[in-house]
Amino acid sequence: MDEQLFFKKLNNFCTSKDILYFLSSLEVMSDTMASGALQRISEIEVDDNGLKNPGLLENEVFRALCFQFEFESSKLSNTGLLNAMQALIKLCIDPESTLMASLLSESEERLGKGQLTAENLCALGESLLELEGPSCAMLEQIVNHMQEKDIERWSPREIVMVYKILQVTVREGKQCQNLLNRLNSVTLRTVSQLSPNFASVILNSLVDLHQTRAVSLVTALCKHSVKHVPYFTDHELVNVLEAFLYFGQKVQDFTEALERHVPESILTMHPQTVSKVMQYCCKKMILSKPIFDAVAEGFISNADRLTTEQIAAYITPFGTLNYLPPSASSLFRKLETVLHTRLRHFQPHTLLNLLHSCVLIQRYPINFLPKIFSPYFLQKLQAQPPGLNRVVMSQLTQLFLTVTLECPFYEGPKLLSKYQIKAFSTLHSSPDVHLFKRVKTGLLYLLKKRIYFASEVSTPYFYVVDIEIKLDEEGFVLPAAQLEEVHRRIALCVDGQNRFCAHSHNLLGEEAIKQRHLQLLGYEVVQIPFFETENLQNTRKMADYLHKKIFPCTYG
């Protein structure tokens with residue numbers, strides 16, 4: 001039968017029984033046709049759970065096909081040999097069988113003689129990865145032969161396969177940067193042709209291969225990923241998000257695509273994918289209300305099916321980015337229920353991160369704090385990495401300060417002083433240097449002398465005040481060093497962009513709680529946000545702005 005007609009008929013069959021009956025009616029077929037039949041059978045008979053019908057392997061026609069491939073392997077074309085091997089691996093044929101040994105031996109011989117094309121090498125590499133894993137010695141041979149091929153003519157499928165092979169061979173300690181440089185250069189020209197799967201695989205490989213210098217390729221792939229967001233599988237989307245995080249990419253169109261996709265898919269997305277989306281938003285400080293609102297609804301529906309790590313990944317960003325969704329009451333009621341039933345299953349650091357994020361947005365985990373402040377729990381925290389480092393002790397101290405200031409009715413155990421830190425260590429606590437300098441210059445212009453304000457003042461309450469101004473009972477400014485007759489203290493919070501969510505005027509949770517606590521400790525908090533001062537072009541205008549903000553009663 002003509003090959004074209006054979007494959008047309010073959011692709012119309014929907015069961016392996018029909019295919020095998022069709023094959024039994026043919027007197028002669030080429031090895032390409034026979035391997036194509038095996039591939040079609042593997043497409044029909046194999047799903048995510050493996051082989052649907054193990055009885056297929058005992059079928060006479062199927063066994064006759066396998067017999068010919070085993071005993072006539074030296075007569076097969078490269079395509080017939082490698083396609084058959086791929087199909088048989090997919091059909092879960094025993095890797096130790098004489099059939100697979102024969103096909104592998106023949107492939108190795110042809111590889112050694114340099115008889116395989118780039119496409120053949122990719123097919124063989126794919127089979128070896130499935131069959132023997134990354135430690136297979138033949139993979140290194142394949143890479144060596146690949147370096148001799150004309151890389152400019154490779155198809156996207158061949159490019160992707162080489163990345164996958166390099167990904168595992170480099171993990172095994174092999175160095176192939178010269179080939180990678182050529183590959184990265186060629187891939188850059190084919191980015192627009194890549195499918196969602198290919199784009200995801202290449203980005204994942206670039207992460208594993210630490211290709212931080214392939215900036216143009218990474219940028220092009222990240223931009224190309226935007227249109228594929230609705231079509232990525234969960235696993236592919238996780239790979240892409242990991243690449244965005246690893247390479248520090250931030251593409252507004254990608255975030256907007258996620259904002260359209262996540263709310264539509266939240267109930268069907270794998271929890272690990274949702275966790276990665278939230279990690280992406282949190283690390284990039286992107287407060288996306290459509291995503292956060294959808295995740296809140298997803299948590300309310302699915303919380304009982306989440307792991308403890310996933311629970312923390314869903315909830316922690318709400319505190320970090322200082323956002324309460326419309327469903328906040330239901331969300332935190334559900335969280336409390338889950339914590340009551342599964343508290344002992346949480347790893348110590350995961351639980352601390354989760355509860356600390358809650359207090360940032362004024363959700364107080366009163367019922368669980370006795371556990372957090374218990375010596376046993378603190379010992380467990382200390383025993384597990386990262387131990388009781390500065391960040392962990394800052395979280396503990398802030399939890400303790402929160403219940404002291406905001407929950408006076410709390411009567412449980414207190415945090416022992418040896419676990420309290422003298423000054424909080426937070427990621428965004430330092431003021432923006434440029435804005436800070438402009439504000440201090442403006443204040444000097446306004447108050448005439450530098451003695452009337454102090455900068456970066458440590459308080460007895462663990463917080464550092466950016467700028468402190470002291471007033472007496474009549475409202476006159478006192479020298480900053482004076483300790484007596486201080487009636488009012490003004491805390492200026494010089495909030496640069498680093499203290500806000502990206503492209504937003506929404507304060508981050510750690511800064512919001514600081515300003516809240518400073519007020520409760522008796523300070524008059526005056527916020528100097530970057531977006532109010534950007535257009536103040538000279539010192540006089542800055543001084544005028546500060547006068548109006550700090551001393552509104554005397555302004556004008």
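The values are calculated or read from the model by the stated rules, or taken from the named source; none is laboratory data. Remember, it's a predicted structure, so these values are computed and weren't measured experimentally. Backbone-built Cβ (ideal geometry, glycine too); neighbour counts: all protein chains shown. Heavy atoms of the whole protein, side chains included, go into the accessibility calculation; ligands, DNA and RNA do not. Shrake-Rupley method; radii C 1.70, N 1.55, O 1.52, S 1.80 Å.
Keeping to region 437-452, report how many residues are open to solvent by 50 Å² or more (accessible area, probe 1.4 Å), out of contact with any strand residue (DSSP E or B) (no Cβ under 8 Å at 6 or more places or on another chain) and not basic (Lys, Arg).
Total meeting the criteria: 4.
Among the residues of region 118-147, how many are closer than 19 Å to Ser77 by Cα and either open to solvent by 70 Å² or more (accessible area, probe 1.4 Å) or of a type in the set (Lys, Arg) (or both)?
So the count comes out to 1.
How many residues does region 365-391 hold that are assigned to a helix (DSSP H, G or I), closer than 25 Å to Ala423 by Cβ and open to solvent by less than 40 Å² (accessible area, probe 1.4 Å)?
Total satisfying the criteria: 5.
Only one residue in Ser455, Ser429, Ser394 is part of a helix (DSSP H, G or I), hydroxyl-bearing (Ser, Thr, Tyr) and open to solvent by less than 50 Å² (accessible area, probe 1.4 Å). Which one?
The match here is Ser394.
Would you please list the contacts, defined by Cβ atoms under 8 Å and residues six or more apart or on different chains, that run from a residue in region 323-342 that is among the aromatic types (Phe, Trp, Tyr) to a residue that is assigned to a loop (DSSP other than H, G, I, E, B) and open to solvent by less than 70 Å² (accessible area, probe 1.4 Å)?
Close Cβ pairs (under 8 Å, with a partner that is assigned to a loop (DSSP other than H, G, I, E, B) and open to solvent by less than 70 Å² (accessible area, probe 1.4 Å)) amount to Tyr323/Leu287; Tyr323/Ile361; Tyr323/Asn506.
What's the number of the only condition in (1) modelled with pLDDT under 95; (2) over 30 Å from Asp253 (Cα atoms) that Lys437 fails to meet?
Result: Lys437 passes all but (1).
May I ask you to list pairs of residues, at least six apart or on different chains, whose Cβ atoms are under 9 Å apart, with the first in region 158-183 being at pLDDT below 75 and the second being of a type in the set (Val, Ile, Thr)?
Here the result reads Lys174/Val143, each pair linking region 158-183 to a residue that is of a type in the set (Val, Ile, Thr).
Under the condition of being free of Cβ contacts under 8 Å to residues at least 24 places away in the same chain and in a helix (DSSP H, G or I), which residue from region 517-539 is most open to solvent (accessible area, probe 1.4 Å)?
The residue in question is Gln519.
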